[in-house]
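The values are calculated or read from the model by the stated rules, or taken from the named source; none is laboratory data. Everything numeric in this text was worked out from a predicted model, so none of it was measured. Glycine gets a Cβ as well: all are built from the backbone with ideal geometry, and neighbour counts include every protein chain shown. Surface areas here come from the heavy atoms of the whole protein model, side chains and all, with no ligands, DNA or RNA. Shrake-Rupley method; radii C 1.70, N 1.55, O 1.52, S 1.80 Å.
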Amino acid sequence: QVQLVESGGGLVQAGGSLRLSCAASGRTISSYCMGWFRQAPGKAREFVAAIDWRGASTVYADSVKGRFTISRDNPKNTVDLQMNSLKPEDTAVYYCAARPGIGTWNTFSDYNYWGQGTQVTVSS
């Protein structure tokens, strides 16, 4: 089992930045694809970004491409999401997710483990 705990959420003005962090425990995530998803009120959970097991390959949703950066530190068992140029439409609960394997995945159902989420609110 992998336990995931997100941190770093908060309230920020439009144009600002936040850095989310996901700490994993229970198992090393060095052989896992790690992803970030988000869910706004009344909307379905949507893919944000994913990174492969080595950190060599990343995938982003079009809505965040060029503004968000996903990274990982396998020795520390952590994954981060740097979010710049934030917009009010980025407001959501952000979730960290993990699945074993050497590829990258961008679908909710592909992931086996989920954190509890951290709230990000961007004011206009």
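Summary table
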quantity	calculated
Residue within segment 99-117 that is under 14 Å from Gly35 (Cα atoms) and touching a helix residue (DSSP H, G or I) at 6+ places or on another chain (Cβ under 8 Å) present	yes
Search result, residues across segment 52-77 that are surrounded by 16 or more Cβ atoms within 10 Å (Cβ to Cβ), in a loop (DSSP other than H, G, I, E, B) and in contact (Cβ under 8 Å) with a residue 40 or more places away in the chain	Asp52, Trp53, Ala61, Asn77
Residue count, segment 86-103 (criterion: closer than 17 Å to Ile70 by Cα, open to solvent by less than 50 Å² (accessible area, probe 1.4 Å) and at pLDDT below 95)	1
Filtered residue count, segment 8-43, keeping only those that are in contact (Cβ under 8 Å) with a residue 40 or more places away in the chain, open to solvent by 30 Å² or more (accessible area, probe 1.4 Å) and closer than 21 Å to Asn112 by Cβ	7
Filtered residues of segment 108-124 (kept if in a loop (DSSP other than H, G, I, E, B) and open to solvent by less than 60 Å² (accessible area, probe 1.4 Å))	Tyr111, Gly115, Gly117
Residue selected from segment 5-37 under the condition hydroxyl-bearing (Ser, Thr, Tyr) and part of a strand (DSSP E or B), by the criterion nearest to Asn74 (Cα to Cα)	Tyr32
Test: Leu81 is out of contact with any helix residue (DSSP H, G or I) (no Cβ under 6 Å at 6 or more places or on another chain), assigned to a loop (DSSP other than H, G, I, E, B) and within 22 Å of Ser123 (Cβ to Cβ)	no
Test set (1) over 28 Å from Gln1 (Cα atoms); (2) in contact with a Gly (Cβ under 6 Å, 6 or more places away or on another chain); (3) of a type outside the set (Lys, Arg) - Asp62 fails condition number	(2)
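So that you can scan it fast, the table gives a plain yes or no per residue for (1) of a type in the set (Gly, Ala, Ser); (2) closer than 18 Å to Val122 by Cβ; (3) within 10 Å of the chain's Cα centre (by Cα):
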| site | (1), (2), (3) |
| --- | --- |
| Ser7 | yes, yes, no |
| Val12 | no, yes, no |
| Ser25 | yes, no, no |
| Met34 | no, no, yes |
| Ile51 | no, no, yes |
| Arg54 | no, no, no |
| Ser57 | yes, no, no |
